[in-house]
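The values are calculated or read from the model by the stated rules, or taken from the named source; none is laboratory data. This structure is a prediction, so every number in the text was calculated from the model and none was measured. Virtual Cβ from ideal backbone geometry, glycine too; neighbours counted across all protein chains shown.
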Amino acid sequence: MTVAHRPVEIAKVGEAAIRIRWEDGHEGSYTTRYLRGICQCAACVDEWTGEKRISMDSIPQDIRALKIAPVGQYGIHIDWSDGHTTGIYAFDLLRKMCPCSACLATPLAAL
Ligand SMILES: [Zn+2]
Ligand SMILES: [Zn+2]
């Protein structure tokens with residue numbers, strides 16, 4: 001498995017956001033609610049249909065990342081304050097979902 005993008009720094013920004021700085025110098029800030037919402041684990045996304053099992057409405061406004069830990073060479077694991085501890089975020093997903101204005105303006109196909 002090749003990883004196109006690797007972060008060089010993952011840091012909490014206060015309680016409500018996490019900033020990721022990438023190897024290529026790119027930087028993006030993800031709100032904790034946004035990150036919780038894009039969780040791809042089997043509890044959050046149906047493995048067969050790809051359908052989301054959680055709605056943004058069900059995510060607490062004050063959701064916090066209690067613990068951020070690396071998973072192998074490809075991603076991070078986040079323990080959430082709402083009791084969700086199976087969240088795994090591949091770097092490729094995080095980069096693809098970067099919410100900064102530059103990325104939002106880039107068609108995903110071009111990444
Ligand atoms: Zn999940
Ligand atoms: Zn970006």
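A few remarks follow.
- Conditions (1) modelled with pLDDT of 95 or more; (2) more than 14 Å from Met97 (Cβ to Cβ); (3) among the small types (Gly, Ala, Ser); number of the one not met by Ser29: (2)
- Checked against (1) closer than 24 Å to Ala105 by Cβ; (2) within 14 Å of ligand 1 (Cβ to nearest atom); (3) in contact with a helix residue (DSSP H, G or I) (Cβ under 8 Å, 6 or more places away or on another chain); (4) not β-branched (Val, Ile, Thr), Ala90 passes all but condition (3).
- Boolean, Gly37 is more than 16 Å from ligand 2 (Cβ to nearest atom) and free of Cβ contacts under 8 Å to residues at least 24 places away in the same chain: yes
- Failed item in (1) closer than 21 Å to Ala4 by Cβ; (2) more than 13 Å from ligand 1 (Cβ to nearest atom); (3) polar (S, T, N, Q), with Thr32 passing the rest: (1)
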